[in-house]
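The values are calculated or read from the model by the stated rules, or taken from the named source; none is laboratory data. Computed from a predicted model, the values in this text were never measured in an experiment. Please note: Cβ atoms are built from the backbone with ideal geometry, for glycine as well, and neighbour counts cover all protein chains shown. Note: accessible area is taken over every heavy atom of the protein model, side chains too, but ligands, DNA and RNA are not part of it. Shrake-Rupley method; radii C 1.70, N 1.55, O 1.52, S 1.80 Å.
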Amino acid sequence: MGSDTMRREILRITTVFSVLWLISTPALAQVELSGTYAIRMYEDYIERGPGSFLGDFTGMPMSDEGRAKALRYSSSLPSMIERQCLAQSPWVGLYRPLAIRIWNEVDESGRVVAWVMGGDYLRDTVRIWMDGRPHPSANAWHSPSGFTTGHWEGDTLVARTTHVKTAWIRRGVGIPGSDQSTFTVFITRRENLLTIMSVQEDPIYLTEPHVVSRVWEFDPRASQAPLRDTCNVGAEIPSLEDTGEVAHYLPGQNPEEDYMVRTYNIPKEAAMGYAHTLYPEYRKALRSIYKPPDSCGRYCCGWIERQGLPGAAPGLTCNDGNLPPALRKTLTSPGR
Amino acid sequence: MRSTLVLAILLMTAAVDAQSRAAPAPVSTARADAPIDLTGQWVAIISEDWRWRMITPPKGDIVSIPLNLQGQQTAEAWDPARDEAAGEQCKAYGAPGLMRGPIRMRISWQDDNTLKLETDYGIQTRLLRFGPATPAGPRSWQGVTSAQWIVRGGGRGAPRFGSLKTVTNNLRPGYLRKNGVPYSERALFTEHWDVHALPNGDKYLVNTNVVEDPLYLQAPFQTAIHYKLERDISKWDPTPCDARF
């Protein structure tokens with residue numbers, strides 16, 4: 001083989017290897033998130049299950065404005081026809097007792113254009129645009145689901161949501177989020193567990209970012225149909241229908257403002273959601289004033305109580321304090 | 001075509017030979033291989049389950065934990081005075097309970113293959129050991145933790161990223177919750193550690209974890225706990241175990 005021939009061969013081989021190297025370089029990291037994920041309500045069970053106690057803002061870094069608005073809330077408010085379809089925050093799913101379904105939308109070449117998190121009857125579907133489109137102008141329309149873009153950081157899908165409506169950000173206690181809220185959300189799948197952590201910033205109703213992290217578990221049988229139903233309204237409080245009255249409490253008149261204080265002996269500032277109560281050093285203030293209540297009160301068994309339904313572990317006798325005795329007897333009877 | 005193939009093999013062989021004659025590759029260490037930086041002081045943000053994490057709930061409040069009947073009965077028999085008398089006031093400070101506590105933790109490299117996790121709450125230390133398993137020794141509140149980087153990417157100039165997976169066993173029986181919700185010595189504690197950053201530089205550590213216990217749980221107890229990295233470390237406040245508060 002002559003030297004020219006050798007050079008050509010080397011060039012050819014180099015070219016082949018270069019092409020192979022280039023086409024085998026991995027694309028940006030992506031994890032297949034599609035599927036259904038069963039909820040694991042092992043955190044904030046009461047809020048996600050039966051519903052929070054009114055006046056329970058523990059764990060929230062609320063501003064005075066947020067607190068005042070939340071205390072105006074009455075559980076009759078969302079029962080009114082005009083308000084049954086009020087927007088819930090796009091990421092309120094972290095406080096709802098439902099499974100999650102995720103799928104992707106692709107273009108003609110198979111490239112993922114968006115990841116989609118299915119909504120439910122109170123929460124709009126969230127579409128996370130992955131195609132690099134910018135967020136709209138600050139003056140653009142704010143929708144129930146907001147506007148969300150995403151990108152991958154390693155194995156984590158990082159989503160950013162803007163353009164939301166003023167909405168309740170937690171379940172059933174009236175904690176508000178303003179339409180200036182932004183959410184940064186980290187979605188990570190580790191083995192069969194899906195972890196979603198959201199960081200909400202709100203210059204109106206929060207004094208610092210509100211952070212929450214939750215776990216779901218991949219389960220092909222977890223689908224809950226219909227995923228997104230039309231919000232149908234009906235008169236739940238006929239006495240208010242067509243009266244023009246709006247259920248609310250005037251400032252200082254919410255009878256549940258002290259519920260957590262009188263029921264669980266916790267300081268009012270902790271129940272009312274001041275940011276400094278979220279950190280370990282607040283225990284110094286608690287130590288001298290907190291005395292555990294004599295009994296648990298309501299919803300002591302939570303998860304176990306749900307297991308009193310078919311498929312339960314046998315023999316559980318947890319005293320919930322909220323279950324009618326006859327039903328308790330039925331649920332815990334031997335041989336069930 | 002055949003000559004091309006032969007030449008390619010020769011070139012690859014030569015490259016391998018050249019590599020093998022070079023100086024031996026340094027032995028990799030967990031510290032050198034780390035795809036994420038877990039070191040620093042992290043504070044738990046108690047924005048979830050405040051009433052069960054920040055304070056001691058009343059006896060019998062076992063909401064949200066998937067106990068079986070034996071677990072329930074054990075929780076209802078909780079007696080902090082008995083724990084104190086037995087010198088077991090740290091039962092709620094074992095690894096599975098500690099991580100959900102109102103803690104600050106400092107993570108640092110003890111050596112090239114061991115991460116050290118210290119908490120001010122209960123003054124506990126847990127070692128996350130990479131590499132071959134070490135002899136277990138007696139059971140302890142923090143047990144024996146084996147650690148493994150889950151590394152992705154990094155090839156041919158691509159970004160390198162990953163997370164940490166740890167598995168802890170050899171635990172002394174302890175509490176998942178301060179009011180005596182139990183886990184047994186058969187408990188297995190699996191954790192996935194991820195670090196996320198906001199555009200403003202704030203860093204969060206998310207610990208997705210599973211407690212499995214065939215004695216007291218009827219299903220795996222799965223939660224995610226988040227912590228924030230602190231630049232100001234002045235709030236570190238070592239306090240001994242307390243069986244009641």
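For the stretch B:76-110, applying the loop criterion from DSSP together with a ceiling of 16 other beta carbons within 10 Å to the chymotrypsin sites (Phe, Trp or Tyr not before Pro) yields no site.
Taking every residue in A:214-223 and counting other chain Cβ atoms within 10 Å of its Cβ, the average works out to 2. For the residue pairs A:Lys69/A:Lys291; A:Lys284/B:Lys59; B:Lys178/B:Lys235; A:Lys69/A:Lys165; A:Lys69/B:Lys228, alpha carbon separations beyond 25 Å are given by A:Lys69/A:Lys291; A:Lys69/B:Lys228.
Report, to the nearest 10°, how far helix B:2-21 tilts away from the longest principal axis of the Cα atoms in chain B, using its own Cα long axis and a range of 0 to 90°. Helix B:2-21 sits at roughly 60 degrees to that axis. Counting only protein heavy atoms and a 1.4 Å probe, chain B has 42 square angstrom of accessible area per residue.
In the stretch B:201-225, the residues that give up 40 Å² or more of accessible area when the other protein chains are added, compared with the chain on its own (1.4 Å probe), are B:Tyr204, B:Thr208, B:Gln218, B:Gln222, B:Ala224. The A and B chains share an interface that buries close to 6000 Å² of accessible area, total over both sides, probe 1.4 Å.
Taking GluC sites (Glu not before Pro) across the stretch B:149-245, the ones in a DSSP loop with at most 14 further Cβ atoms lying within 10 angstrom of their Cβ are B:Glu185. On the protein heavy atoms, probe 1.4 angstrom, tell me the percent of accessible surface of the stretch A:39-97 carried by carbon and sulfur. Roughly 46 percent of what the probe reaches on the stretch A:39-97 is carbon or sulfur.
Can you compute the charge dipole magnitude of chain B about its Cα centre, using +1 on each Lys and Arg Cβ and -1 on each Asp and Glu Cβ, nothing else charged? Give it in debye, rounded to the nearest 20. Don't skip to the end; give the middle numbers.
Values: 28 positive and 25 negative charges, 112 e Å.
In total the dipole reaches around 540 debye.
Once all protein chains are placed together, A:Tyr264 keeps about 10 Å² accessible to a 1.4 angstrom probe.
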